[in-house]
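See below for the structure under consideration.
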Amino acid sequence: AALLAGGYGLWALPAEWRQAFFQRGGWDAAIQRDLWKFGRWVWLGMLFSILHVQFDILLVSRFVPAQEAGYYALAFNLAQKSLMLYQTLYMVFLPQVSALANGQELWRYLLRNTGYALAMCGLVGLTMVFARPAIELVYGSVYLPSVNLYLLLVVPVIIDLLALPMILLIYPLNLPRMEMGLNGFRLVLLVGMGFLLVPRWGVYGAAIAKVIATMASSGFIVAMILRRLAGHDVLRFSEAHKSPPEIQTDRVEL
C-alpha cells in the first residue's frame with residue numbers, strides 16, 4: 001500500500017518535477033548516504049516503539065483470564081485515545097526543533113514547549129478525574145474494574161508528554177541512535193518486567209510494567225540529553241548552526 005501510494009504521488013507530480021528528480025545530478029548520493037545513516041536508526045526505533053505499544057496486550061492475552069483481559073483491553077484503548085495529544089504535540093514541536101539555530105533558541109524552545117506539555121498533561125488529568133463516571137455511563141457498571149487500570153495506563157502517557165520536548169532534541173543534536181536506544185530499552189524493560197509481574201499480579205502487573213518501562217527509559221534518555229547539553233555538544237550545535245558572518249565593506253564618503 002505504501003509503495004502504491006508513493007508511486008501514485010510520484011506520478012501526480014508535474015512532469016518537470018519528475019524530470020528534475022531523475023535527471024543527472026538530481027539524486028545526490030552524499031545526501032542519500034546521510035539520510036540513510038540517520039534514518040535507519042529512526043526506523044529501527046519506530047519498530048521498537050510499535051512493539052512496545054502492543055506487547056502488554058500480548059502478555060495479558062497469554063497469562064490472564066478472558067474477563068480480566070477484557071477489562072485491560074478497554075482501559076488500554078481509552079489510554080490510547082490520550083495519545084492523540086502526544087501526537088498533536090509531536091507534529092507541532094518537530095518543525096520547531098528542526099529550525100533551532102543556536103543554543104539560546106534551544107533553551108527558549110525547551111521552556112516554552114515544556115509549558116505546553118504541562119497544559120496537555122492537565123487535560124489528561126481531567127480524563128482521570130472523570131474516568132469512573134464516564135466508563136460507568138458508556139460501558140456500564142460491569143466495566144468499573146477498568147477504571148483503576150486506566151488510571152495506571154495514563155501515567156506513561158503523561159510521562160511521554162513531559163519528556164517529549166527534551167527527547168525531540170535528538171534531531172538537531174544528530175543523535176538518532178539515542179532514539180533507537182530509548183525505544184529498544186523501553187521494549188526490553190517491558191518484556192522483562194511483564195514476564196515477571198503479569199503471571200503474579202495479572203492485569204495490574206502489566207500496567208505496572210508499562211509504567212516502570214516508560215518511566216525508566218524516559219528518565220534515562222532525558223538525563224543523557226541533559227548531559228549532552230551541559231557538555232561540548234551544545235557548543236558544536238551552536239557553531240554548526242551559526243549564520244555566515246556579514247561581509248564588511250568600506251563606505252566611501254563623497
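Worth a mention:
- Condition check for Ala216: touching a helix residue (DSSP H, G or I) at 6+ places or on another chain (Cβ under 9 Å) and crowded, with 19+ Cβ neighbours inside 10 Å: no
- Within the set Leu94, Leu59, Leu78, the sole residue that is at pLDDT 85 or above and more than 28 Å from Pro199 (Cβ to Cβ) turns out to be Leu94.
- Residue identified as under 26 Å from the mean Cα position of the chain (by Cα) and surrounded by 19 or more Cβ atoms within 10 Å (Cβ to Cβ) among Asn148, Asn113: Asn113
- Residues of region 75-97 classified as within 16 Å of Gln54 (Cβ to Cβ) and of a type in the set (Gly, Ala, Ser), total: 2
- A count restricted to region 118-143 and to residues that are part of a helix (DSSP H, G or I) and either of a type outside the set (A, V, I, L, M, F, W, C) or more than 16 Å from Ala79 (Cα to Cα) (or both) stands at 13.
- Cβ pairs under 8 Å, 6+ apart, first in region 127-149 and touching a residue at least 12 places away in the same chain (Cβ under 8 Å) and among the basic types (Lys, Arg), second in a helix (DSSP H, G or I) and surrounded by 15 or more Cβ atoms within 10 Å (Cβ to Cβ): Arg132/Val147
- Scan of region 93-117 for residues that are touching a residue at least 24 places away in the same chain (Cβ under 8 Å), assigned to a helix (DSSP H, G or I) and among the hydrophobic types (A, V, I, L, M, F, W, C), ordered by number: Phe93, Leu94, Val97, Leu106, Leu110, Ala117
- Within region 176-200, being within 20 Å of Pro95 (Cβ to Cβ) and buried (at least 21 other Cβ atoms within 10 Å of the Cβ) holds for one residue alone: Glu179.
- Per the listing Leu59, Leu94, Leu89, Leu110, the residue uniquely hydrophobic (A, V, I, L, M, F, W, C), within 23 Å of Ile212 (Cβ to Cβ) and touching a helix residue (DSSP H, G or I) at 6+ places or on another chain (Cβ under 8 Å) is Leu59.
- Filter pass, Thr127 being among the hydroxyl-bearing types (Ser, Thr, Tyr) and more than 17 Å from Gln80 (Cα to Cα): no
The values are calculated or read from the model by the stated rules, or taken from the named source; none is laboratory data. Computed from a predicted model, the values in this text were never measured in an experiment. Positions of Cβ are backbone-derived with ideal geometry, glycine not excepted, and every protein chain shown enters the neighbour counts.
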